[in-house]
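Here's the structure we're looking at; comments come further down.
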Amino acid sequence: MATANLLPAITPTAPSPVHATRLRSLQALGIFCGFAAGAWLGGAEAPIKLVNPDISPITVSLIMVLGVFLARWSVPAFVRGTAHVRNDVRQAPHLIVWAVLAGCMWAVANTLTIYAIRNVGLSIAFPLWNTNSLLGIFWGFLLFNELHYAGWKRWLGEIGGAIGMFAGATLLAIASSHQAAPGKATLGIFAALGAGILWGTMYIPYRKAYLTGMNPLSFITFFTVGELATMTLLAVGYRGAVPLWHELVSARPVLFWLMLGGFVWVIGDLFQQYATKYVGISRGIPLSNTNQLWGLLWGILVFHELRGGSQTVYAQVAGGSILMALGAVAIALSSATEREHSRWQDAADREGQRYGIEGEYVRAGMEGREMQGVAGGPATTGRTVLDWFLIFGTTALFVILAIMARLPQMDVGVGWGIVLTVAMLSLLATCGVALWRTTRFR
């Protein structure tokens, strides 16, 4: 490839073993990030419930992706500055293609979730698309040496957790037939499962990026290019340019809620990416899928889903969600041993040799620290004019949209909404501080 020929001649070296104490710290951080991701991913879909159902799901998804696009550039600009993005691209330019591909898959999956939520509700849809955990385990084992030398206890936790999640999903699928409009339950179920398949496969580019040292804050900036391009093509192709524009104009009162949903999703996804980086996709995905419990809380407490349902329906939804959550936790807490982590390092060495990546860059990424002693090393920490433009421009736009926003006439549990929001913000603050102290967001 032409890009590879422009790189200096490099002889990649195998990553040195991570010190046991540092490994434990990074794994604990990854688990914490997974829990924080669950909270924010669970809250991201709640604003959709505030939107007029007459607006096309394709248009809803496009507006959310616009919010995602703004967040995926402004958040890295705020946390580290875009100079770090240039440094990562210089070290591993091939990952741009993988990031864009992952973004394309995300856009299609997110559109499917809109159909799922409208047809079977938040409390049902979340656990169904969280079957992506099963694919995460499969791809992590097959492609990235995860669970190799893990021991029978950890394998038991993984397999037992997977079975629990499947059983929980089955209960929820049965319950959904009682809650959806006639003829809509099947569509909602297939939409949610389709989203799970796409999201489960999407984590392959994630893991390739983080094994070879790329920072999550850099990866998501190119990830969103694929998201926005794919979603725009889908929306224009499905609706037509002129009808789409008219629908966007008519949706002005709800633009804030949908773009806010996209912004919240990015915060959750960023935590999920750090979880994937430090505990792997076979553990990070199930742990972040505790968002099913947050989705259940938002759906039942705030939007009063399942009101009037029979005791059997409540038992199926609650039992299925708890069963899936317990399965996810069992998988996630089967932490990697030093022997298994050495196999991760083998996979990182393989990726480094395949793409000619500097060995120190790979080692630094696995250890959650800045690269040292290499030409083109750590980028400046100062923020540029572009960074401040992204930060203040995004803030100003959201303020304008908030002024234009209107709440629909619907029964919403405001008190519970405030409680859940405070809990999410608390996790954001504590996990953010932990990331800064342990890795400086590396």
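The values are calculated or read from the model by the stated rules, or taken from the named source; none is laboratory data. Everything numeric in this text was worked out from a predicted model, so none of it was measured. Reconstructed Cβ throughout: ideal geometry from the backbone, glycine too, with neighbour counts over all protein chains shown. We work out accessible area using only protein heavy atoms, side chains counted, and drop any ligands, DNA or RNA first. Shrake-Rupley method; radii C 1.70, N 1.55, O 1.52, S 1.80 Å.
How about region 105-155: which of its residues are open to solvent by 20 Å² or more (accessible area, probe 1.4 Å) and within 13 Å of residue 292 (Cβ to Cβ)?
Result: 131, single match.
Within region 328-355, restricting attention to residues that are outside any helix (DSSP H, G or I) and polar (S, T, N, Q), which residue is least open to solvent (accessible area, probe 1.4 Å)? Outline the logic, then answer.
Initial filter on region 328-355 (outside any helix (DSSP H, G or I)): 333-337.
With the extra rule that they be polar (S, T, N, Q), the set shrinks to 334-335, 337.
Details: 334: 11, 335: 39, 337: 35 Å².
Ranking the qualifying residues of region 328-355, first place goes to 334.
Sort out which residues of region 416-428 are more than 17 Å from residue 273 (Cα to Cα) and open to solvent by 40 Å² or more (accessible area, probe 1.4 Å), and write them in order of number. Reasoning before the result, please.
The initial filter retains those residues of region 416-428 that are more than 17 Å from residue 273 (Cα to Cα), namely 416-426.
Once the filter is applied, which keeps residues that are more than 17 Å from residue 273 (Cα to Cα) and open to solvent by 40 Å² or more (accessible area, probe 1.4 Å), region 416-428 yields 416, 418, 419, 421, 422, 425, 426.
Looking at 162, 175, 192, 169 in this structure, which one is touching a Pro at 6+ places or on another chain (Cβ under 7 Å) and either modelled with pLDDT of 80 or more or open to solvent by less than 30 Å² (accessible area, probe 1.4 Å) (or both)? Lay out the reasoning, then the answer.
Numbers: 162 fails: touching a Pro at 6+ places or on another chain (Cβ under 7 Å); 175 fails: touching a Pro at 6+ places or on another chain (Cβ under 7 Å); 192 fails: touching a Pro at 6+ places or on another chain (Cβ under 7 Å).
Of the residues listed, the single one that is touching a Pro at 6+ places or on another chain (Cβ under 7 Å) and either modelled with pLDDT of 80 or more or open to solvent by less than 30 Å² (accessible area, probe 1.4 Å) (or both) is 169.
Looking only at region 281-296, how many residues end up being within 12 Å of residue 162 (Cα to Cα) and surrounded by fewer than 24 Cβ atoms within 10 Å (Cβ to Cβ)?
Matching residues across region 281-296 total 0.
For residue 68, are the conditions met, namely being closer than 20 Å to residue 421 by Cβ, at pLDDT 85 or above and not charged (D, E, K, R)?
Numbers: closer than 20 Å to residue 421 by Cβ: yes; at pLDDT 85 or above: yes; not charged (D, E, K, R): yes.
Considered against the rule, which asks whether it is closer than 20 Å to residue 421 by Cβ, at pLDDT 85 or above and not charged (D, E, K, R), residue 68 comes out as yes.
Test residue 274 against the stated conditions and say whether it is under 26 Å from residue 395 (Cα atoms), part of a helix (DSSP H, G or I) and of a type in the set (Ser, Thr, Tyr).
On the way: under 26 Å from residue 395 (Cα atoms): yes; part of a helix (DSSP H, G or I): yes; of a type in the set (Ser, Thr, Tyr): yes.
Considered against the rule, which asks whether it is under 26 Å from residue 395 (Cα atoms), part of a helix (DSSP H, G or I) and of a type in the set (Ser, Thr, Tyr), residue 274 comes out as yes.
If you go through region 306-321 one residue at a time, do you hit one that is crowded, with 24+ Cβ neighbours inside 10 Å, in contact (Cβ under 8 Å) with a residue 12 or more places away in the chain and among the hydrophobic types (A, V, I, L, M, F, W, C)?
yes
Counting only residues that are modelled with pLDDT of 85 or more and more than 15 Å from residue 101 (Cβ to Cβ), which one in region 209-223 is surrounded by the most Cβ atoms within 10 Å (Cβ to Cβ)?
215
Go through 76, 8, 15, 53 for me and flag whichever is of a type outside the set (Ser, Thr, Tyr), open to solvent by less than 50 Å² (accessible area, probe 1.4 Å) and either more than 30 Å from residue 298 (Cβ to Cβ) or at pLDDT below 85 (or both).
Numbers: 76 fails: either more than 30 Å from residue 298 (Cβ to Cβ) or at pLDDT below 85 (or both); 8 fails: open to solvent by less than 50 Å² (accessible area, probe 1.4 Å); 53 fails: open to solvent by less than 50 Å² (accessible area, probe 1.4 Å).
Every option except 15 fails the conditions.
Out of 86, 90, I need the residue that is open to solvent by 10 Å² or more (accessible area, probe 1.4 Å), touching a Gly at 6+ places or on another chain (Cβ under 9 Å) and either without any contact (Cβ under 8 Å) to a residue 60 or more places away in the chain or among the charged types (D, E, K, R) (or both). Which one?
On the way: 86 fails: touching a Gly at 6+ places or on another chain (Cβ under 9 Å).
Selected residue: 90, the only one of 86, 90 that is open to solvent by 10 Å² or more (accessible area, probe 1.4 Å), touching a Gly at 6+ places or on another chain (Cβ under 9 Å) and either without any contact (Cβ under 8 Å) to a residue 60 or more places away in the chain or among the charged types (D, E, K, R) (or both).
Answer with yes or no whether residue 298 is part of a helix (DSSP H, G or I) and in contact with a Phe, Trp or Tyr (Cβ under 8 Å, 6 or more places away or on another chain).
For residue 298, the condition - part of a helix (DSSP H, G or I) and in contact with a Phe, Trp or Tyr (Cβ under 8 Å, 6 or more places away or on another chain) - is not met.
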